[in-house]
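Since every read-out is calculated from the coordinates, none of them should be taken as a lab result. Keep in mind that what you see is a predicted model, and the values were worked out from it rather than measured. Heads up, the Cβs are rebuilt from the backbone with ideal geometry, glycines too, and the neighbour counts pull from every protein chain shown.
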């Protein structure tokens with residue numbers, strides 16, 4: 001076994017790599033570099049003498065599996081239910097907003113649960129662990145192509161190289177240290193901010209056993225007496241427990257004490273970290289294991305990883321991650337490869353082309369690191385990286401935009417497998433949301449509101465005082481379920497459509513059919529409805545949120561109904577009774593409207609907004625991601641959408657910037673899309689540790705490690721900017737592969753490889769002078785009889801490609817002789 005990974009030999013692959021660099025170790029969490037394997041996430045601080053790695057596990061959440069059901073019982077006991085809903089509707093019909101809001105407060109549960117920090121690995125280098133006489137830190141890099149953080153430092157004339165990565169194949173976090181020119185000492189400590197109830201160390205490593213809180217209140221609920229509450233015994237048979245294991249291989253002499261490990265006289269060390277939790281068992285549908293079994297499982301995973309040796313661990317990790325990240329690429333400008341100083345080269349603003357290239361790949365890297373098939377729950381508000389016991393908004397799943405934005409770019413950017421954990425969450429919500437739909441609203445199917453967590457919370461949140469503008473919103477599940485159809489559109493996988501999508505889509509449609517009410521004039525309305533998270537001025541002048549059929553509700557339900565009908569048609573399920581119900585309801589949904597001021601209307605009535613520059617653009621869901629409003633198919637509505645964008649104004653926080661950039665790209669406003677991107681990719685000017693007001697009055701920006709921020713940090717901005725950049729150079733809505741639909745004049749050169757399009761198509765292309773110079777279109781799956789339409793500017797060509805065939809087009813979209821339908 002070789003515990004020291006070899007430095008890769010120079011190669012074309014290595015020369016192609018894109019690396020971020022920082023000359024100093026991280027002084028705070030917002031400067032640390034992220035690694036992850038979909039289950040384990042870590043923030044690498046670095047350091048010459050003392051170094052910290054802060055560790056998360058995507059299954060470490062407060063709460064218990066029975067929490068959502070218990071909360072539903074509490075809400076029903078307060079009087080919520082179909083009879084109370086009828087009173088709410090009657091009050092709204094009478095324009096009695098105050099009574100309607102008061103009645104709905106009893107529908108609110110307390111809150112969804114929190115995503116929590118898990119462990120810290122602390123390392124001290126130097127003689128006897130006391131630190132060197134002289135130390136120099138030579139910098140750290142994060143490779144966005146293979147997910148390895150590399151550090152170099154000097155200690156008393158010794159050169160130390162430290163690598164950190166999170167291996168999906170091994171299921172472990174790995175750290176290797178190699179000393180050149182002699183030997184040094186190493187001190188290690190493994191700690192947890194959670195309740196440690198077991199610790200055991202020996203010369204080969206050790207295990208911590210931790211209890212996880214059974215309840216965690218969000219930081220915006222300060223009145224909760226015990227914001228993190230532990231249980232003294234299992235709750236309804238569930239034991240909230242996790243085991244953290246560390247294994248060590250070194251040529252030094254290892255000793256242990258109560259505080260950890262000391263390694264004397266080492267020239268190398270390999271550390272592997274693994275985890276086993278009760279929550280992971282529940283998520284995967286496995287039997288519950290005992291605490292000892294969890295400790296044994298974590299120790300075995302860490303030990304098995306260690307036995308591979310650093311070379312094999314690194315080789316397997318790189319092969320795995322490069323296979324995923326190497327599937328696609330986007331380069332804005334003339335270069336991609338190199339090592340770039342984040343502060344100087346990316347945040348310094350001198351090269352927007354480089355910044356765009358970096359942020360596209362960073363978004364892909366962060367998604368591949370936070371969301372992998374079979375690893376655990378999907379990426380949350382902070383991906384899988386969190387150091388706070390009470391993180392902002394619980395670092396949960398906010399499903400009125402943020403969770404969806406995490407996955408907007410997954411398919412087009414070649415990361416379709418990373419979409420799968422979101423489908424796992426949808427399966428869970430379809431189960432937990434069924435009783436909520438039935439007991440709370442008297443409806444079939446399933447429902448989810450504004451927030452959820454890994455346990456499948458489906459109730460409204462708010463503790464009886466949450467503003468209905470965000471707390472009382474019944475179409476969160478309707479929006480989430482659109483991702484199932486999106487995945488089918490890109491893959492044309494009818495097996496997925498039958499086994500995963502159809503049951504969830506059908507259940508969401510059943511809820512909507514029962515949720516809609518006849519307005520007496522031929523329309524079907526959602527009542528009550530809100531437009532997240534804006535308010536309107538009621539007749540009495542007061543700010544209100546509850547009304548009928550906000551534009552967002554109508555757009556989401558229309559898309560769900562159309563896609564459910566299409567799914568039934570594709571699967572030969574037209575005789576399912578739900579299709580007849582949908583067919584009757586679909587033409588009775590309210591269409592999108594234009595206000596008297598000329599912009600896309602937010603509510604069924606032309607109501608004045610309390611905040612005309614609101615950070616949310618809820619009615620614009622019809623533009624993106626639903627594609628119901630399009631510059632070609634619905635030019636009048638597209639023009640109204642642009643007027644709304646002008647009215648809302650430029651930036652706010654990271655996710656809002658990203659949505660605005662995507663929308664401008666979809667409406668082919670390249671200049672404004674670029675301007676918004678440049679705003680969003682600048683450094684945060686405010687204090688990152690002070691949460692900004694949610695009203696958008698303080699703009700966000702990027703942190704020193706390029707995380708997007710509100711502030712606080714929310715990773716949806718990173719994922720959203722990746723999606724926005726994709727939409728600027730390639731779109732595949734309305735059955736057409738549209739090249740460079742929103743390319744800014746300032747980005748005249750670039751290239752793309754492996755970007756995916758709806759219809760099972762993959763595209764490579766380069767451009768120069770704003771014009772495609774060479775385009776390769778290949779069909780990777782789908783129906784070979786389905787034509788592929790390729791468009792640039794006003795020219796469109798039609799191709800016929802069987803699966804496995806490709807066509808090469810020149811700048812005029814003419815087929816290049818001899819290369820048409822060449823095998824892939």
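How do 94, 800 line up, fewest other C-beta atoms within 10 Å first?
Numbers: 94 10, 800 13.
With the fewest neighbours first, 94, 800 line up as 94, 800.
Relative to the longest principal axis of the Cα atoms of the chain, helix 82-93 runs at roughly 60 degrees. The peptide list 785-797, 450-462, put in order of mean Cβ contacts within 10 Å with the highest first, becomes 450-462, 785-797. In the chain, helical runs assigned H by DSSP with n ≥ 4 each contribute -39500 (n - 2.57); averaged across all residues and rounded to the nearest 500, the mean residue ellipticity at 222 nm is -9000 deg cm²/dmol. When Rg and the Kirkwood radius Rh are both evaluated on Cα atoms of the range 548-651, their ratio Rg/Rh stands at 1.05. Each peptide in 175-186, 768-779, 652-663 receives the mean, over its residues, of other Cβ atoms within 10 Å, and ordering these scores from highest gives 652-663, 175-186, 768-779.
How would you classify the range 213-327 from its alpha-carbon gyration tensor, with a ≥ b ≥ c the square roots of the eigenvalues: rounded for a/c under 1.5, else prolate if a/b is greater than b/c, otherwise oblate?
Note, shape of the range 213-327 comes out prolate.
Diffusion coefficient (Stokes-Einstein, Kirkwood radius over C-alpha pairs, 10 °C, 1.306 mPa s) for the range 619-670: 145 µm²/s, rounded to a whole number. With a ≥ b ≥ c the root eigenvalues of the C-alpha gyration tensor of the range 734-823, is it rounded (a/c under 1.5), prolate (a/b larger than b/c) or oblate? Prolate shape, in that a/c is at least 1.5 and a/b is the bigger ratio.
Annotation: average projected area of the range 651-731 is 4.8 square nanometres, based on the convex hull of Cα atoms across all directions. Modelled label positions at residue 389 and residue 203, each set 7 Å beyond Cα in the direction of Cβ, lie 3.7 nm from each other.
Sorted from greatest to least, the principal axis extents spanned by the alpha carbons of the range 315-413 come out as 40, 32, 25 Å.
By how many degrees, 0 to 90 and rounded to 10, does the Cα axis of helix 502-515 deviate from the longest principal axis of the chain? That works out to roughly 50 degrees.
Axis of helix 635-648 versus longest Cα principal axis of the chain: the two differ by about 60°, to the nearest ten degrees. When only Cα pairs below 8 angstrom with a gap of at least 6 residues are kept, the range 527-588 shows a relative contact order of 26 percent.
Residue ranges 580-589, 189-198 sort as 189-198, 580-589 when ordered by packing (mean number of other C-beta atoms within 10 Å per residue, highest first). Note on the chain: antiparallel DSSP beta bridges, both residues inside, total approximately 95 percent of the bridges counted.
Would you work out if the chain is rounded, prolate or oblate? Take a ≥ b ≥ c from the square roots of the eigenvalues of the alpha-carbon gyration tensor; rounded if a/c is under 1.5, else prolate when a/b is larger than b/c, oblate otherwise. Oblate, because a/c is 1.5 or more while a/b does not exceed b/c.
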